[in-house]
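Right, one structure below, let's go through it.
The values are calculated or read from the model by the stated rules, or taken from the named source; none is laboratory data. What you see is a predicted model, and the numbers here were worked out from it, not measured in a lab. Cβ coordinates were reconstructed from backbone atoms using ideal geometry, including for glycine residues, and neighbour counts include every protein chain displayed. SASA here: full protein model, heavy atoms, side chains in, ligands and nucleic acids out. Shrake-Rupley method; radii C 1.70, N 1.55, O 1.52, S 1.80 Å.
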Amino acid sequence: MSLQKPPAQSGSTLAALANSPLVDALYQQWKLDPTAVGREWQIFFEGFEMATCPRSCAAADQARDQSKVASLIYAYRSRGHAMAQLDPLGNNPVTIPELELGAFGLQDKDLDRVFDTGHLGGPERATLRDIIGILQDTYCRSVGVEYLHIQDVKVRRWLQARMEPERNRPTLSREQRLEILRCLIDAELFETFTQSRYPGQKRFSLEGGESLIPAFHALVELAPDLGAEELVVGMAHRGRLNVLANILDKSYASIFSEFEENILPESVGGDGDVKYHKGYASDHVNLSGRPLHVSLTSNPSHLEAVDPVVLGRARAKQRQRDDMEHRKKVIPFLIHGDAAFAGQGLVAETLNLSQLEGYTVGGTVHFVINNQIGFTTTPREARSTVYSTDVAKMIEAPIFHVNGDDPEAVVYVTELALQFRQAFGKDVVVDMICYRRYGHNEADEPAFTQPVLYGKIRHRPSVRRLYTQHLLEGGVLTEEGVQRITDDFQARLQSAFESVKAQAVAPPVPNPGPLWSGLVNPYSHEPAETAPPREALVDVARALTTVPQGFSLNPKVARRLPDVMKAMEGQGTVDWSTAELLAFGTLLREGTPVRLSGQDSARGTFSQRHSVWQDMATQEPYVPLNHIGQGQAKFCVYNSMLSEAAVLGFDYGYSMTEPRMLVLWEAQFGDFANGAQVIIDQFVVSSVAKWQRASGLVMLLPHGMEGQGPEHSNAYLERYLALCADDNIQVVNLTTPAQYFHALRRQTKHPFRRPLIVMAPKSLLRHPMAQSGAEELSSGRFQEVLDDPAPPAKARRLVLCSGKVFYDLLQRRTKDGVGHVALVRVEQLYPYPEARLAEIAAKYASAREVVWAQEETQNRGAWTFMFPRLLELFPKERVRYVGRPPSASPAAGSLAVHKREQEALVRSALE
Ligand SMILES: Cc1ncc(C[n+]2csc(CCOP(=O)(O)OP(=O)(O)O)c2C)c(N)n1
Ligand SMILES: [Mg+2]
């Protein structure tokens, strides 16, 4: 806009002057920046505007500036965290360009102008100065919040309504402050005392991050008042002993006893892990007298691997507490390290489970002990993002960054996080920015790698010291008061220490709880009674074949149904998938719930299962197994997200908490389970040995060489076999639907729980010979070894095999009329059926040759597992390998090569 001609009636010389190009240029400059022109010109232009601008123009200016203020409010909410005072070591910006007044076209002179505050908590109108005060108070002090990535306005408003009126700074009572101080004293003294009595022993001190303890304490205090009955906790090494001592009330004596050199972990019943990995549980009663069961899950060193396991446990506990609708009674709480949270892919996978029907736990509270270092790695080296928590934004979790040296703020945001979780059933993150006072562990020297940082840390007073000072200055308590609390605690530690020195304290014996009664037993080869009565099978078959009125079923699915009923009547047989559904159904009918989870598991990767029907017209789902009859348990089948590690971890966690349910995880193809190797190695096969925690999880791993190339062919049977010891898992490679049926059912019938690893079939799903009669289900039981169905009168060769290759051998033997070869199937490879195989060896003592036949390459499959065992039954010179030669790749890429190889191995086994 050019300078307007002054109104004619003014007629002044000044007005005439105002028409000169020079003044116009100055005026334009003044409009951009009033200080760009001399003071006199400033006064002149201000007066000029006042005289020439009509009322509507002033209103328009106010409206325009109001919108600038709205932008400013939005910007503080969005970016205020970047200016927050989060780092106790003091690298905090005081201003950032995006939040300066100029960034919004506002100026210092606007500070005293009054604007609408909109939704900003507080007065409806306030000066810009006050508005900025509220915003800086709320978003730029000890708490920095990221929440504008949340799409749902209701959620954002909810957060604003809590944060802004309180300015993210609650008023605490004297008692609350003293409680925080007490927690800090406990936290610090536990570490310093332990260090002085057991110098240099690894304990992964919490020092620098002690505010975790008051925050955790606040959580267990508040949770029961918000409807929680149980907190399921997962955490890594850092501060774990401190949490065990000061939150879970594990006795100091018991903790110290584990530092004593003479402790033999083996002597306490296979309790074989280091002290900072072990789980523990206790019952907390809060100030209002409400109880909360708190259980810390045992975990391996592998960081973040416990996350999905904790969630699975929480979900199982929700079922047990009848909390499947709201999921407010059982709350998962995960404590992370900053480096691990940013680095481990399992974190993203676990977050992604958050809102999935089969996996949601109604939100997890995450707490990051962000000590700004990972072993020796700096944040710059550890991540490509500003914050270590950025990954959590993908599920729109609000993130509270908080200065660890402001324990009141840490407590406040932790409570707010819990309230959020209970209100919305979603994940939420507290990122406590702190430091690590010493090295990664107590034997580590941080000054090798971070000399400057550690110089700074050395001089930093502890959070307890700072907070004590704060309370003394505020007159909340006296020096003597502090001394009394400190002395009390020190005395308790000393007496525990002395008691341990005087007499060894037995570590607590893990108690798996009443659900496990009768199930904590060693493995036994004793067969379980798994055959259901015939009418049970018929009931289930009826449910599997009854199409509800008006339901439009896919004709290809419908076509299979009559065969099932016929098989029940003794005409015909059942195939693999039908046997599976019958196993599930009969268990359900007996009251045992079944949970099946995996990629595309509802239909089945190979279109074999159809456990959920979809109406052709409406796509309404119908689950036949949930229509068996009154009083039956529920069949829960879920198509999982496309992850292996998190989903297997989740289902493993579920199974270890719910031993009375059949829990199955299915890989799309067995080889993809290698993406979950950490869960297999660190939990599935070793949890009993390390933590005495059993699981009856079933893993279905499609396996078999069928010419589909290197992928999709091999479930890496050899890896599971290499992990076998101490009867830790059961590994089976089955050949008949009946065997599968009984194997599944015995999982919940045995008086013990062990994971069952199934090399699941692909082509056998439709193989005309892989069929079983109904009587095999209603009368038989599981056979670890299947003898030859038609043994030759005098076998010259005994061929032992496992899995699908049996049918190739059998068909060829029949076709070629081979008369001297016996075919025996090892259906269960582990626990090794030694006695049964000894019987077989005796029966075929006439055989001059013993062949282990497999279709896998020699470095894979069961050969390396079986060979030494066969030598215990047969002389070495009689034992021979038949199968594919060793190969780096699991299978040939070409179907022609596959067929040639398969033909050669079958011929070689029989010739
Ligand atoms: C998956 C995995 N990789 C590597 C390690 C070895 N390790 C143990 S602690 C640690 C650093 C962890 O840093 P952070 O997550 O920030 O936790 P902090 O120790 O700082 O509390 C590393 C690399 C591990 N335990 N797990
Ligand atoms: Mg760290």
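Between the listed residues V429, T414, H459, the Cα displaced farthest toward the positive end of the dipole of segment 410-474, a dipole computed from Cβ unit charges relative to the Cα centre, is found at H459.
Every helix of 4 or more DSSP H residues in the chain counts as -39500 (n - 2.57), and over all residues that averages to -12000 deg cm²/dmol at 222 nm. For K566, the accessible surface of its heavy atoms amounts to roughly 90 Å² (probe 1.4 Å, protein chains only, rounded to the nearest 10).
In a DSSP loop and with at most 14 other Cβ atoms within 10 Å, the GluC sites (Glu not before Pro) in segment 60-139 are E100, E124.
Here's the picture: charge each Lys and Arg Cβ at +1 and each Asp and Glu Cβ at -1 in segment 706-755, and of Q739, F752, S713 the one pushed furthest to the positive end of that dipole is F752. Taking only Cα atoms, what is the 0 to 90° angle, nearest 10, from helix 534-545's long axis to the longest principal axis of the chain? Between helix and principal axis, roughly 50 degrees. Here segment 138-170 and segment 649-722 have alpha carbon centers that stand 42 Å from each other. Charging the Cβ of each Asp and Glu at -1 and of each Lys and Arg at +1, and nothing else, the dipole of segment 772-830 about its Cα centre rounds to 360 debye. When the charge dipole of segment 811-911 is built from unit charges on Cβ atoms (+1 for Lys and Arg, -1 for Asp and Glu) and taken about the Cα centre, the candidate among L837, A892, L910 whose Cα reaches farthest toward its positive end is L910. In this simple spin-label model, placing a label point 7 Å from the Cα along the Cα-to-Cβ direction at both Q494 and E166 gives a separation of 4.0 nm.
Can you tell me the dipole magnitude for segment 428-490 around its Cα centre, using point charges on the Cβ only (Lys, Arg +1; Asp, Glu -1), in Debye to the nearest 20? It would help to have the intermediate numbers written out before the result.
On the way: 8 positive and 9 negative charges, 56 e Å.
Here the size comes out at about 260 debye.
Surface composition of the chain: carbon and sulfur atoms hold 53% of the protein heavy-atom accessible area at a 1.4 Å probe. For segment 553-603, the dipole from Cβ point charges (+1 on Lys and Arg, -1 on Asp and Glu) about the Cα centre works out to 200 debye, to the nearest 20. Across the protein chains, with a 1.4 Å probe defining accessible surface, the residues I43, I395, I131 rank I43, I395, I131 from largest area downward. Across segment 734-820 the C-alpha pair distances fall into 10 Å bins from zero in the proportions 14, 43, 32, 10, 1 percent. For the chain, the longest principal axis of the Cα atoms and the long axis of helix 834-843 meet at an angle of about 20 degrees. Straight-line cross-link partners of K501 among the lysines, defined as a Cα under 27 Å from its Cα and at least 8 positions apart when in the same chain: K202, K250, K275, K278, K690.
Computed with a 1.4 Å probe over protein heavy atoms only, the accessible area of E706 comes to about 40 Å².
Surface exposure of segment 411-453, expressed per residue as accessible area with a 1.4 Å probe, stands at 34 Å². Loop only by DSSP, 16 or fewer other Cβ within 10 Å of the Cβ. Give me the GluC sites (Glu not before Pro) in segment 537-595 that pass, ordered by residue number. Those satisfying the criteria are E569, E590. Between 0 and 90 degrees, the angle of helix 576-589 with respect to the longest Cα principal axis of the chain falls at about 70 degrees.
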